[in-house]
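Notes to accompany the following structure.
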Amino acid sequence: MIQEAKKNLAKIIFEKKYISGIYDKRLFNNFLEDANNFLFLLPGNDKDFKYAFDIVKYFQIHKKEVTLFLPEYAINLIIDSRKYKFLGYGVKDINKLGLPSKSLINTLKELSFDVVVDLNRSENLFFIAVAHLVKAKYRIGFLRENINAHYNVQLVNKKINAEITYRNLLNSLKMFY
């Protein structure tokens, strides 16, 4: 019961504090091809992480500047880590409501990317807030049931399985490339 109340309070704070109005009208013709720097919010789930990383590799292969947002302990797990930039977070960066801490908020507000891609399939207000705190022209993520639209490119997650979901996401993104 307390967890549910905490979650509802976090949603209310999230909607008021992190979602800033309606997105500007933008053209999506070749927007991924024209973009240079990307921030990928990698999922905390190990199985999802593995399949989501294929999307990251695709953009790195196409000579895009890739920054990875992931737990600090996971940075050492990345093979060929010299190909990527990292933005790590720890337990201290998540407040009691599951939202970013003040210090993380200040760090994120200073960052700017052409595209932010939230690779989390499940609803996680922490990652959604992170996606909104950085300056970005485009934000890509999965459509969530319980929260208003918060990405200017939303993809449906059929929750079939992780491998198929991320393969479909990559194929969808290739349409804009």
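The values are calculated or read from the model by the stated rules, or taken from the named source; none is laboratory data. These numbers were taken from a predicted model, which means no experiment stands behind them. Glycine also receives a Cβ, built like all others from the backbone with ideal geometry; neighbour counts cover every protein chain displayed. Surface areas here come from the heavy atoms of the whole protein model, side chains and all, with no ligands, DNA or RNA. Shrake-Rupley method; radii C 1.70, N 1.55, O 1.52, S 1.80 Å.
Numbers for the structure displayed
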item	result
Residue check for Leu125: within 22 Å of Ala35 (Cβ to Cβ) and open to solvent by 10 Å² or more (accessible area, probe 1.4 Å)	no
Lone qualifier among Tyr177, Tyr166, Tyr138, Tyr151 - being open to solvent by 50 Å² or more (accessible area, probe 1.4 Å) and closer than 24 Å to Asn30 by Cβ	Tyr177
Criterion (touching a helix residue (DSSP H, G or I) at 6+ places or on another chain (Cβ under 7 Å) and closer than 25 Å to Asn168 by Cα) met by exactly one of Ala52, Ala136	Ala52
Qualifying positions in the stretch 36-47 - open to solvent by less than 10 Å² (accessible area, probe 1.4 Å) and not hydrophobic (A, V, I, L, M, F, W, C)	Pro43
Residue among Lys159, Lys135, Lys83 that alone is at pLDDT 90 or above and over 14 Å from the mean Cα position of the chain (by Cα)	Lys83
Options Asn106, Asn168; residue that is under 26 Å from Asp34 (Cβ atoms) and of a type in the set (S, T, N, Q)	Asn168
Those residues of the stretch 56-107 which are buried (at least 16 other Cβ atoms within 10 Å of the Cβ), β-branched (Val, Ile, Thr) and closer than 30 Å to Asn171 by Cβ, in sequence order	Val56, Val66, Thr67, Ile78
Matching residues, the stretch 56-96, being β-branched (Val, Ile, Thr) and touching a helix residue (DSSP H, G or I) at 6+ places or on another chain (Cβ under 9 Å)	Val66, Ile75, Ile78, Ile94
